[in-house]
Amino acid sequence: IYFQYYRWFKTCICQYKGLEAYGQLKFEGGVHRVQRVPKTEKQGRIHTSTMTVAILPQPSEITLTINPKDLCIETKRASGAGGQHVNTTDSAVRIVHIPSGIGT
C-alpha cells in the first residue's frame, strides 16, 4: 500500500491479488461519496467526502524488442518563451517508430 499523506489521505494505491480479484472489484470503480454531520458541527450542516476509485487489471508480462534502426529520433528547438536559450538549445525530442508510425 502506498500513501502520499499520513493522516488524511490524498492518494492511496492498493494492490489486491487472488483468484478473480479483478472480477470481484471491477464494479467498484467510480466516485464514492460519504455524507455525514460531524460531531463538531453546531449548525447541523452536512459534510461530503468523495473518493475516486480506479480498478485496473494486472497486465501480463511481455517481452518487447525494438530495433534501434526502426526508430526515427529528431531533436528540435522548442517554441515559446525562454529568450535566447530557446533559440540555441535543441530541447524538444520526437521519437517515431517507423514501422507502426507511433510517435511521441
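Rule-based calculations on the coordinates, nothing more; no lab input. Here the structure is a predicted model, which means the values were calculated and not measured. Neighbour counts run over all protein chains shown; Cβ positions are idealised from the backbone, glycine included.
For the ranges 31-40, 57-66, what's the packing order if you count other beta-carbon atoms within 10 Å of each residue, average per peptide, and put the highest first?
The peptides rank, most packed first, as 31-40, 57-66.
Suppose we flag chymotrypsin sites (Phe, Trp or Tyr not before Pro) only when DSSP calls them loop and at most 12 other Cβ atoms lie within 10 Å. Which is the longest uninterrupted stretch of the chain?
Between the exposed loop sites, the longest stretch runs 17-104.
Report the paramagnetic label zone for residue 58: residues of the stretch 11-38 whose backbone N is under 15 Å from a point 7 Å from Cα along the Cα-to-Cβ axis.
Taking a point 7 Å out along Cα→Cβ of residue 58, the residues of the stretch 11-38 whose backbone N falls under 15 Å are 14-25.
Which of the three applies to the stretch 6-64, rounded, prolate or oblate, going by the alpha-carbon gyration tensor with a ≥ b ≥ c and a/c under 1.5 meaning rounded?
Prolate shape, in that a/c is at least 1.5 and a/b is the bigger ratio.
Each residue of the stretch 90-96 in turn: what ³J(HN,Hα) in whole Hz from Karplus with 6.51, -1.76, 1.60 and θ = phi - 60°, glycine and Pro shown as x?
Along the stretch 90-96, the couplings run 7, 10, 9, 10, 10, 10, 10 Hz.
Each label point is 7 Å from the Cα along the Cα-to-Cβ direction; what then is the distance between the points at residue 66 and residue 51, in nm?
For the pair residue 66/residue 51, the computed spacing is 3.7 nm.
Go through the stretch 26-31 residue by residue and turn each phi into a ³J(HN,Hα) via Karplus (6.51, -1.76, 1.60, θ = phi - 60°); whole Hz please, and just put x for glycine and proline.
Running phi through 6.51 cos²θ - 1.76 cosθ + 1.60 with θ = phi - 60° gives 4, 8, 8, x, x, 9 Hz.
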